[in-house]
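Structure record follows, encoded as structure tokens.
Rule-based calculations on the coordinates, nothing more; no lab input. Here the structure is a predicted model, which means the values were calculated and not measured. We place every Cβ from the backbone using ideal geometry, glycine too, and count neighbours over all the protein chains shown.
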Amino acid sequence: MYRLIKTEGTARRGEFVTPHGTIQTPAFMNVATCGAIKGAVSALDLKNIKCQVQLCNTYHLHLRPGDDKVKELGGLHKFTRWEGPILTDSGGFQVFSLAKLRDIKEEGVTFHSHIDGRKIFMGPEESMKIQSNLGSTIAMAFDECVENPSPYEYTRDSVARTTRWLKRCVTKMNELNQTEGTINPKQMLFGINQGGTYRDLRINHMKEIAELDLDGYAIGGLAVGEPTEVMYEIIEAVEPFAPKDKIRYLMGVGTPVNILEAVYRGVDLFDCVMPSRNARHGQLFTWDGVRNLNNAKYELDENPVDPHCDCPTCRNFSRAYIRHLLKSGEMLGMRLAVMHNLYFYNNLMEIIRTELDNSTFTAFYEKYRNILGVRI
């Protein structure tokens, strides 16, 4: 259940009550694709870097180790040792982005595993069953992800199919939640708004799925190559039609600046692999902008990555040391860098919430939207 605490302009401060704890929003979900953050960061580490939600990947966990095995082991919470809320994506995005050969029909999608090439079928019912086996807090509806740009007619037909699939997801989840032996009988379901970059398709789709009274609503199919201004325009177009009393999730976004801009436009929840992926390549986010530790100027730099940050990495290690570890291919370098970036994101969200509490978010937004994306 989502409770809207206050607003400042379109920006929202709220909390989302789930079976595994309450999420203070706006919030960033830390992406643990296969049940762990890439960079040797465990669920126990997440507790120390202000993480509220862990996101795991349905497609990857279905292929390996198998969702049936995760169920046997007690579900994702027991398996990963993360006690808080877990969101699982539907697998749809991976089916459409990773599977070279795929066949989309009304029943679902037949595709070949990117690991061993074996043929797999996934539709709304299969996605719900896999996510039920994983026992996540929040399951995402199975949708079709189209490329941007795609022809108007194809996008329109795809949106209609996504709606039909969503209704099948609702039916299947209700059935699974009432089935004996289900790990999380209170599993929640989010629907996904699609429509490419076509305003009318986006608006009509949000109106349509809003009538289903789901636990939350996501905006999908953005941040896939279109200009950021187009993404912001789509959010602005859709926002008035998203239910005010439901949580809003912008999928796969993004940079600190993207997040600031989206919070300003009324989004509550985010996820992205960017902070961990960029960290593993030496690109670290700071309150002064983006710092690339691969640069030679950091070779003898004894300062912390960010003098304004109190994460475990910045409290204990220098830019020179982390640069050395990364250059040497030492796993510790990636771990320390990932810990910093995830802490930075989680801390940014905490400060955004405080600014909203104090009715000072607009001034904070105006200041940092021009700083956080600067390359130092």
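Observations on the model:
- Point-charge dipole on Cβ atoms (K/R +1, D/E -1) for the chain, about Cα centre, debye to 20: 700 debye
- Structural descriptor for the stretch 21-81: relative contact order 38 percent, calculated from alpha carbon pairs under 8 angstrom and at least 6 residues apart.
- Length gained when the stretch GLN178-GLU211 is fully extended (0.36 nm per residue, less Cα-Cα span): 9.6 nm
- Fraction of beta bridges assigned by DSSP in the chain that are antiparallel (%, nearest 5): 50 percent
- Potential extension, THR10-VAL224 segment - 0.36 nm per residue separation minus Cα distance: 74.6 nm
- Considering only LEU46, MET334, GLY252, the residue lying farthest towards the positive end of the dipole of the chain is MET334, judged by Cα position with unit charges set on Cβ.
- Two-site FRET efficiency, TYR154 against ASN48, from Cβ-Cβ distance with R₀ of 56 Å, rounded to 0.05: 0.75
- Each principal axis of the Cα cloud of the stretch 77-165 was taken in turn, and the coordinate range along them, longest first, works out to 45, 29, 23 Å.
- Of the residues TYR198, TYR59, TYR217, the one that moves most in a GNM of the chain with alpha-carbon contacts below 10 Å is TYR198.
- Relative contact order [Cα under 8 Å, 6+ residues apart], the chain, whole percent: 18 percent
- Partner lysines whose Cα lies under 30 Å from the Cα of LYS71, excluding those fewer than 8 positions away in the same chain, are identified as LYS38, LYS47, LYS50, LYS100, LYS105, LYS119, LYS129, LYS167, LYS172, LYS186, LYS246.
- Multiplying the residue separation of GLU147 and GLU236 by 0.36 nm and subtracting their alpha-carbon distance yields 30.0 nm.
- Amide N of the stretch 208-249 lying under 12 Å from the label point, which is placed 7 angstrom from the Cα of MET1 along Cα→Cβ: none
- Calculated diffusion of the chain, Stokes-Einstein form, Kirkwood radius summed over Cα pairs, 37 °C and 0.692 mPa s, µm²/s: 155 µm²/s
- Cα centroid separation - the stretch 107-137 against the stretch 15-76, whole Å: 18 Å
- Along the axis of the charge dipole computed for the stretch 81-134 (Cβ charges of +1 for Lys and Arg, -1 for Asp and Glu, origin at the Cα centre), the listed residues GLY108, GLY91, ILE120 are led at the positive end by ILE120.
- Compactness of the stretch 281-368 is given as radius of gyration and Dmax, 14.4, 46 Å, from Cα positions.
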